[in-house]
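Have a look at the structure below before the remarks.
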Amino acid sequence: MEKVKIGVFGGARGHDMINVLYDHKDAALVAVCDKYEPILETVRKEAAEKNMEVALYTDFDEFLNHDMDAVVLANYATEHSVYAVKCLERGLHVMSEVLPCETMAQAVELIEAVEKSGKVYTYAENYCYMRHSFEMWRRYKAGEIGEVTYIEGEYVHDCTSIWPEITYGDPDHWRNRMMPTFYCTHSVGPILTITGLRPVQVVGFETPLMKDYKDTAITRGAGIELITLENGAIARSVHGDLKREPGSSNYLVYGQKGMMEGDRFMDEEHLLHTYKEGEKYCEGSFEHYTPEPFIEPEMAKSFGTHGGSDFYSTHLFIAKILGRPESEWAIDVYQAVDMGICGLLAYRSILQGNVPVKVPNFRNKEERDAYRYDNACTTPSVAGDMLLPRSSHPYEGVPDETYKKHEELWRNGTHLEFGRENAITK
């Protein structure tokens, strides 16, 4: 069988997918595109060591003309839908890294591009494929704890210490201008995949700003979404730069007949706790164990990034293209959009005083028109006159000196030294 020919756009985050494609039995890495040439040089050296030919591009349009079947989008998180549409219009299958879209209008455009093209679109929300969350998805789908009544998703990752490394001191970097609820699918994603349910309403909240935001350049609090699912169950999603180390990617689900929860303090990273009630009320049994991969287990164990989950998002994309049975676990465009727009609409809730906001079902074409030209976001060039503030809290602009300091730390390779001793303001 001829292998699926795949290109990767974005070689930094995309390098985890590149590593999977180097050795995947059913796919071949044929091209990589990135504007930062040192990343391409790394790929060139790795490919040479493996006796592989991989074309390297700094221009996306040239990359798009390469002979390939599919593209992995691992570029800036605010630009995935824009490039996904371009790829779909060229007849290419697409796997999108997080987030699926920056605006409601982009959500509509993305869905319609997938429908029109007839090509495969999958969403690489890797936290759905962590060992504990993927096992919870499998066991819930099997009906082991009954129908969900309450569920939590938590992605706490304090990026303050590495902010110069991941933003390069660029004031216009998407991380420096994103709204507090934008980066929500590491917590919302597993909520929706585990339950298989659609969100119908969201209420958003934002925590206070860090007092030293002028030095960190993080001009937003953490995001919280309270989501009503279509069966009436309630979900709580929390994500952002809250203070704990190590960070937390934890999920908790209560059903009519039991519950499941990851290990919040990560004594063992993938440890799962489950409770199943028996025939008598309030009597049941607990299990505490580390789940084993249940799809391509040997291949999965050979990839360690993000707990091995980067393998699954990539493998299931390939399986979907090839029509394999395990592709039932791939995340399609409708569920991806559901995950992403929970954050977009939660911010509207925040700005309106934490009011409930309906989540539209874009599977229904009649619900799309109300959002077809809705480009409200925090990027001036995209939003136009619908520009939103970066935070619901009052804040002053970040001094230019802060961004210059961040750029200096990044360029000198000393970004890991970033701390309060580097403060610009006192």
(request) Considering the options ALA222, ALA346, LEU409, tell which one lies farthest towards the positive end of the dipole of the chain, charges being +1 on Lys and Arg and -1 on Asp and Glu at the Cβ, about the Cα centre. (result) ALA346
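Which values, in whole Å and largest first, are the semi-axes of the equivalent ellipsoid of segment 273-426 obtained as the square root of 5 times each eigenvalue of the Cα gyration tensor? It would help to have the intermediate numbers written out before the result.
Working: eigenvalues 288, 165, 97 Å².
Square roots of five times the eigenvalues give 38, 29, 22 Å.
In debye to the nearest 20, how big a dipole does segment 337-392 give about its Cα centre with +1 on each Lys and Arg Cβ and -1 on each Asp and Glu Cβ? Could you put the intermediate results ahead of the total?
On the way: 7 positive and 6 negative charges, 18 e Å.
Using Cβ point charges on Lys, Arg, Asp and Glu, segment 337-392 gives about 80 debye.
Could you do me a favour and compute the accessible area per residue for segment 124-173, 1.4 Å probe, result in Å²? Could the numbers behind the result be given before it?
Working: 1520 Å² over 50 residues.
For segment 124-173, the solvent-accessible area averages 30 Å² per residue.
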(request) Based solely on C-alpha atoms, express the radius of gyration and the Dmax of segment 16-100 in angstrom. (result) 12.6, 35
(request) Let me know the charge dipole size of segment 161-315 about its Cα centre in debye, to the nearest 20, where only the beta-carbon of Lys, Arg (+1) and Asp, Glu (-1) is charged. (result) 600 debye
(request) Can you tell me the dipole magnitude for the chain around its Cα centre, using point charges on the Cβ only (Lys, Arg +1; Asp, Glu -1), in Debye to the nearest 20? (result) 660 debye
(message) Could you work out the relative contact order of segment 1-152? I mean the mean sequence separation of Cα pairs under 8 Å and 6+ apart, divided by the number of residues, in percent.
(response) 19 percent
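Can you send over the carbon and sulfur percentage of the accessible area for segment 145-297, probe radius 1.4 Å, protein chains only? It would help to have the intermediate numbers written out before the result.
Details: 3290 of 6210 Å².
C and S fraction of accessible area: 53 percent.
Ignoring any ligand, DNA or RNA, what whole percent of the accessible area of segment 299-363 comes from carbon and sulfur when the probe is 1.4 angstrom? Show your work: numbers first, answer last.
Numbers: 1050 of 2120 Å².
Answer for segment 299-363 is 50 percent, counting heavy atoms of protein chains only.
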(request) Choose one of THR78, ILE111, ILE18: the residue whose Cα lies farthest towards the positive end of the charge dipole of segment 1-114 (beta-carbon charges +1 Lys, Arg; -1 Asp, Glu; about the Cα centre). (result) ILE18
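Antiparallel versus total DSSP beta bridges in the chain: what percent is that, nearest 5? Write out the running numbers ahead of the final one.
Details: 37 of 65 bridges.
So the antiparallel bridges amount to about 55 percent of the total.
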(request) Compare the Cα positions of GLY284, VAL200, HIS93 along the charge dipole of the chain (+1 at Cβ of Lys, Arg; -1 at Cβ of Asp, Glu; about the Cα centre) and return the one farthest towards the positive end. (result) VAL200
(request) Can you tell me the alpha carbon radius of gyration of segment 241-329 divided by the globular rule-of-thumb value 2.2 N^0.38 Å? (result) 1.36
(request) Report the net charge of residues surrounding TYR155, where surrounding means a beta-carbon distance below 13 angstrom and charges are Lys +1, Arg +1, Asp -1, Glu -1. (result) -3
(message) Given bins 10 angstrom wide, list per bin the percent of all Cα-Cα distances in the chain, short to long.
(response) 5, 21, 31, 28, 13, 2, 0
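Quantify how much of the Cα-Cα distance distribution of segment 131-226 extends past 23 Å, in percent. All intermediate terms of the calculation are to be shown ahead of the outcome.
Values: 1819 of 4560 pairs.
Tail of P(r) above 23 Å: 40 percent of Cα pairs.
Count the lysine pairs in segment 151-287 that are 8 or more places apart or on different chains: how many have C-alpha atoms under 28 angstrom apart?
Working: LYS211/LYS243; LYS214/LYS243; LYS257/LYS276; LYS257/LYS280.
Within segment 151-287, the lysine pair count is 4.
Per residue, how much accessible area does segment 37-123 show when a 1.4 Å probe rolls over the protein heavy atoms, in square angstrom?
On the way: 3630 Å² over 87 residues.
Result: 42 Å² of accessible area for each residue.
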(request) Could you grab the Rg to Rh ratio for segment 1-45? Cα atoms only, Kirkwood for Rh. (result) 0.98
(request) Starting from the Cα coordinates of segment 95-183, work out the convex hull volume and express it per residue in Å³. (result) 173 Å³
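At 1.4 Å probe radius, can you tell me the per residue accessible area of segment 205-282 in Å²? Intermediate results must be reported in sequence, preceding the final value.
Values: 3770 Å² over 78 residues.
Spelled out: the 1.4 Å probe surface of segment 205-282, per residue, equals 48 Å².
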(request) Please give the length that would be gained between LYS404 and SER302 if that part of the chain were fully extended, namely 0.36 nm times their separation in residues minus their C-alpha to C-alpha distance (nm, one decimal). (result) 32.7 nm
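Would you work out the relative contact order for the chain, in percent, from Cα pairs under 8 angstrom that are 6 or more residues apart?
20 percent
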(message) How big is segment 26-159 along each principal axis, measuring the range of its Cα positions in Å and listing the largest first?
(response) 50, 37, 34
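The values are calculated or read from the model by the stated rules, or taken from the named source; none is laboratory data. Since we're looking at a predicted model, the values are computed, not measured. Glycine gets a Cβ as well: all are built from the backbone with ideal geometry, and neighbour counts include every protein chain shown. In case anyone asks, the SASA skips ligands and DNA or RNA and just uses the protein heavy atoms, side chains included. Shrake-Rupley method; radii C 1.70, N 1.55, O 1.52, S 1.80 Å.
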